[in-house]
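Take a look at the structure below.
The values are calculated or read from the model by the stated rules, or taken from the named source; none is laboratory data. Note that the structure is predicted; figures quoted are calculated from it, not measured. FYI the Cβ positions are ideal-geometry reconstructions off the backbone, even for glycines, and counts take in every protein chain you see. Please note that ligands, DNA and RNA were not included when accessible areas were found on the heavy atoms of the full protein model with its side chains. Shrake-Rupley method; radii C 1.70, N 1.55, O 1.52, S 1.80 Å.
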Amino acid sequence: MILFPAIDLKGGQCVRLKLGDMQQATVYNTDPAAQAKSFEEQGFEWLHVVDLDGAFAGHSANGDAVEAILKATKNPVQLGGGIRTLAHIEAWLSRGLRRVILGTVAVRNPDLVIEACRQFPDQVAVGIDAKGGKVAVEGWAEASELGIIELARKFEGAGVAAIIYTDIDRDGILTGINWSSTLELADAVSIPVIASGGLASIEDIKRMLQPDARKLEGAISGRALYDGRIGPAEALALIKASRAKETA
C-alpha cells in the first residue's frame, strides 16, 4: 500500500483545485521542486504530479516545473496532464519519469494506450476521472457517456501498470474517498487501482488498510496533507505497520 503525495501544477505553482475547477485553485507552494524534496524528506516513497494546464491545453504546459521536480527528488514520479502521443510519452520517460498517466487519450484512442504499454512496459498508467459516474476528459471539462468499468476493461491484459481513479465530485473537498465505487472498480479488473479524490483524514488511511481495500495499490493525497489534516509521520507509520503485519 502506497500513499502518493500530490503536486498539481498551474502556472508553475503547486496548487489544489476544488471539484476540478481551475477557477477554484489554492496555491500551496510557489516552488514545486522544493515541495517534492519536502515530501521525500518526510518519508514518502512516490510522487504524483499533474500538469493541470497541460490537461486543458492537450500538451505539456508546466514542463520546466516537472523537470525541476525530477532533479529535486530521488523518488519515482508519475505524471499526468496533456500527454496525448507516443512521442510525448517517450520524451517524458527519457527524462526520468517512472510512469506517465494517460487520461483523455485513453478514452479518445485506447489503441494508443495499448501500443504505449507494449513499447514502455510497466511505465504507463491510465487515469480514469469520473463525474456523476461517467468518465470525464479534457481536464475534467467534458463528460463522456463511457462508464468507469467499461473503460477500465478495455485495458485488461494490455500491461497497464495502474489505474488511477478519481471521483471528481469529491476532489479537493475533504469528504473522504468514494470507497464503494473505488472498490467496485478494483474488483472488476485485475489491473492495480490507485484511489484519488477526497482523502480527508487519518481515518481514510485506516480505512485504506482494511482487508477489503488491500487489493488497492494505494491512494493519492493532496489538500489533506497540505492543510495538515493528515500527518505524514502518523500515516506512513500506519502503512509501515500494516506492511510488517502482512509479511510476518
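A viscosity of 0.890 mPa s and a temperature of 25 °C, combined with the Kirkwood radius over Cα pairs in Stokes-Einstein, give a translational diffusion coefficient for the stretch 15-110 of 176 µm²/s. Rounded to the nearest 5, the antiparallel percentage of DSSP beta bridges internal to the stretch 14-79 is 60%. Which of Ala213, Gly147, His88 sits farthest toward the positive end of the charge dipole of the chain, with +1 on the Cβ of Lys and Arg and -1 on the Cβ of Asp and Glu? Ranked along the dipole, the leading option is Ala213. The aspartates and glutamates within cross-link reach of Lys245, meaning a Cα-to-Cα straight distance under 18 Å and a gap of 8 or more places when in the same chain, are Asp212, Glu217, Glu234.
Quick check: Cα centre of the stretch 178-248 to Cα centre of the stretch 25-43, how many Å? One Cα centre to the other: 21 Å. Students often forget the sequence filter, so: which lysines lie under 28 Å Cα-Cα from Lys10 once same-chain residues fewer than 8 apart are removed? Counting by Cα, and skipping residues close in sequence, Lys10 has these lysines nearby: Lys18, Lys37, Lys71, Lys74, Lys131, Lys134.
The list (1) 16.4, 48; (2) 19.4, 67; (3) 22.1, 72 gives values of Rg and Dmax of the Cα atoms in Å, and only one came from this structure; which label was calculated from it? Recomputing Rg and Dmax of the Cα atoms in Å here picks out (1). In the complete set of protein chains, residue-level accessible area for Leu238 is approximately 50 Å², probe 1.4 angstrom. Report for the chain the percent antiparallel among DSSP-assigned beta bridges with both residues inside it, nearest 5. Looking only at bridges with both residues in the chain, the antiparallel portion is about 30 percent. Its DSSP H runs of at least 4 residues, each contributing -39,500 (n - 2.57), put the calculated 222 nm mean residue ellipticity of the chain at -10500 deg cm²/dmol, to the nearest 500. Taking a span of 18 Å or more along the helix axis (Cα atoms) and a mean Kyte-Doolittle hydropathy of at least -1.0 as the rule, the DSSP H helices of the chain that qualify are 232-247.
Which is the longest run of the chain containing none of the trypsin sites (Lys or Arg not before Pro) found in DSSP loop states (not H, G, I, E, B) with at most 15 other C-beta atoms within 10 Å?
The longest uninterrupted stretch comes out as 96-213.
For the stretch 1-134, the dipole from Cβ point charges (+1 on Lys and Arg, -1 on Asp and Glu) about the Cα centre works out to 200 debye, to the nearest 20.
By accessible area of protein heavy atoms, probe 1.4 Å, what ranking do His59, His88, His48 get, highest first?
These residues rank, largest area first, as His59, His88, His48.
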